[in-house]
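The values are calculated or read from the model by the stated rules, or taken from the named source; none is laboratory data. Because the structure is predicted, anything quoted here is derived from the model rather than measured. Backbone-built Cβ (ideal geometry, glycine too); neighbour counts: all protein chains shown.
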Amino acid sequence: MGVISAVGTGVYKKRAYVVKTVGKEERPLDAINFYSYPALKKIFDNAREICGDAPLAANVLYAQSEYNRVVEDACKAGANIIITGAGLPLTMPEATKNYPDVALVPIVSTAKALRILCKRWKKTHNKLPDAVIVEGPLSGGHQGFKYDECFLEKNQLENILAPVVEEAKNWGSMPIIAAGGVWDRDDIIKMMELGADAVQMGTRFIGTVECDASQVMKDIIIGAEADDIKLFKSPVGYPARGVSTQLHEDILKGTAPKVACISNCVAPCKRGEEAKIVGYCIADRLSDAYDGLAESGLFFTGANGYKLKEIISVKSLINKLMNGEKSV
């Protein structure tokens, strides 16, 4: 099943669907433009031309500004499923109350988090998750643990999966999806043996012809070694994983691009306050990565990103995942 990111849709197709931008970099003004509904609708329409009536999901970060509005936008655009992480989405059912047929899939990293979420949803909306993603700390982008906790053995995916599977049984039947560091067929089999019903993968699909990331982003990740992929601070408040580049050197030296909150992308940043503390604006730096600006872009990838060494088709990748790495 395909998942469409609802993050930063305003930069799609060189800001073609944005009402107002600021400066020569054409930064989308405020959340209404950074999270552009017309752009999101176009992305869904493009996907529908490929997949027809097959289920499509939208990933909406709980930390996003105007979270409820973006979720509703995704539902209007044609999402069958909403996936939400970057915070425990306790109010997720409220955002989809007008779309009862849309499935809700929260992301958790502990059994305790799932228990808290189920209790709240049951009490406030008499609803439970339609499925749950269990994400370990090897994923790309934002993590569900504090920095030091990401390295603890007890918090690795293979150790947090089983407790979540057991907790889910207390709430009925819901599929469990393992994510964060799943790379090949052997990993998929291992997760299924540990109780997962499916897996979610992101990083490996960057190395496909069909991925619309900039060629610069693909080249940077393909050229990365294991030691180049690090966890670093984020204005969102959670550690994030990506490739250490010139940007991170500039942040340490205090010479990174100036923080000037234009897009108001994530609520925890408080209109740039947290960005100034960590040294960069995440909206601007991710936009630069999308635009292919190597020196100022922020290039998220999972811990296994260094294993990407070639660009292949999605068809070839799926064949490898189903039949092994030697498959063509």
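Which condition number in (1) in contact with a Pro (Cβ under 7 Å, 6 or more places away or on another chain); (2) assigned to a helix (DSSP H, G or I); (3) closer than 30 Å to Trp183 by Cβ is the one that Asp284 fails?
Condition (3) is where Asp284 drops out.
Please go through (1) modelled with pLDDT of 95 or more; (2) closer than 19 Å to Met1 by Cβ; (3) surrounded by fewer than 23 Cβ atoms within 10 Å (Cβ to Cβ) for Ile50 and return the number of the only condition it doesn't satisfy.
Ile50 satisfies all of (1) modelled with pLDDT of 95 or more; (2) closer than 19 Å to Met1 by Cβ; (3) surrounded by fewer than 23 Cβ atoms within 10 Å (Cβ to Cβ) except (1).
Could you please find all residues in the stretch 160-197 being free of Cβ contacts under 8 Å to residues at least 40 places away in the same chain, under 14 Å from Met322 (Cα atoms) and not in a helix (DSSP H, G or I)?
Val182, the sole residue that qualifies.
Determine which member of the set Tyr62, Tyr67, Tyr17, Tyr37 is modelled with pLDDT of 95 or more, more than 20 Å from Val102 (Cα to Cα) and of a type outside the set (D, E, K, R).
Sole residue among the options that is modelled with pLDDT of 95 or more, more than 20 Å from Val102 (Cα to Cα) and of a type outside the set (D, E, K, R): Tyr17.
Looking for whichever is more than 20 Å from Asp212 (Cβ to Cβ), of a type in the set (Lys, Arg), touching a Leu at 6+ places or on another chain (Cβ under 9 Å) and outside the structural domain of Val199 (by TED's automatic domain parsing) here; the options are Arg241, Arg285, Arg271. Which one fits?
Arg241
Just the residues that are under 17 Å from Gly195 (Cβ atoms), surrounded by 14 or more Cβ atoms within 10 Å (Cβ to Cβ) and of a type in the set (D, E, K, R), please, taken from the stretch 137-167.
Glu158, Glu167
Hey, does the stretch 106-129 have a residue that's touching a residue at least 24 places away in the same chain (Cβ under 8 Å), touching a strand residue (DSSP E or B) at 6+ places or on another chain (Cβ under 7 Å), closer than 26 Å to Pro38 by Cβ and buried (at least 17 other Cβ atoms within 10 Å of the Cβ)?
no
Only one of Ala58, Ala63 is over 16 Å from Asn264 (Cα atoms) and small (Gly, Ala, Ser). Can you tell me which?
Ala58
Inspect all residues belonging to the stretch 143-152 and state whether any of them is under 19 Å from the mean Cα position of the chain (by Cα), aliphatic (A, V, I, L, M), outside the structural domain of Pro268 (by TED's automatic domain parsing) and at pLDDT 95 or above.
No: zero hits.
Go through the residues of the stretch 186-206 one by one and say whether even a single one is at pLDDT below 95, out of contact with any helix residue (DSSP H, G or I) (no Cβ under 6 Å at 6 or more places or on another chain) and farther than 14 Å from Leu157 by Cα.
Looking for residues that are at pLDDT below 95, out of contact with any helix residue (DSSP H, G or I) (no Cβ under 6 Å at 6 or more places or on another chain) and farther than 14 Å from Leu157 by Cα, one finds none in the stretch 186-206, hence no.
Within the stretch 8-31, track down each residue that is under 26 Å from Pro55 (Cα atoms), free of Cβ contacts under 8 Å to residues at least 60 places away in the same chain and of a type outside the set (Lys, Arg).
Thr9, Tyr12, Tyr17
Need at least 2 residues that are closer than 30 Å to Glu167 by Cα per element, so show me which helices (runs of 4 or more DSSP H) inside the stretch 1-116 make the cut, counting only ones lying wholly within it.
It comes to 67-77, 92-95.
State yes or no: is Pro100 buried (at least 23 other Cβ atoms within 10 Å of the Cβ) and not polar (S, T, N, Q)?
no
Can you list residue pairs whose Cβ atoms sit under 7 Å apart, with the first residue in the stretch 258-284 being charged (D, E, K, R) and the second being surrounded by 21 or more Cβ atoms within 10 Å (Cβ to Cβ) and not in a loop (DSSP other than H, G, I, E, B)? Count only pairs 6 or more apart in sequence or on different chains.
Asp284/Arg27
For the stretch 287-311, name all the residues that are more than 19 Å from Gly87 (Cα to Cα) and not in a loop (DSSP other than H, G, I, E, B).
The answer is Ser287, Asp288, Ala289, Tyr290, Asp291, Gly305, Tyr306, Lys307.
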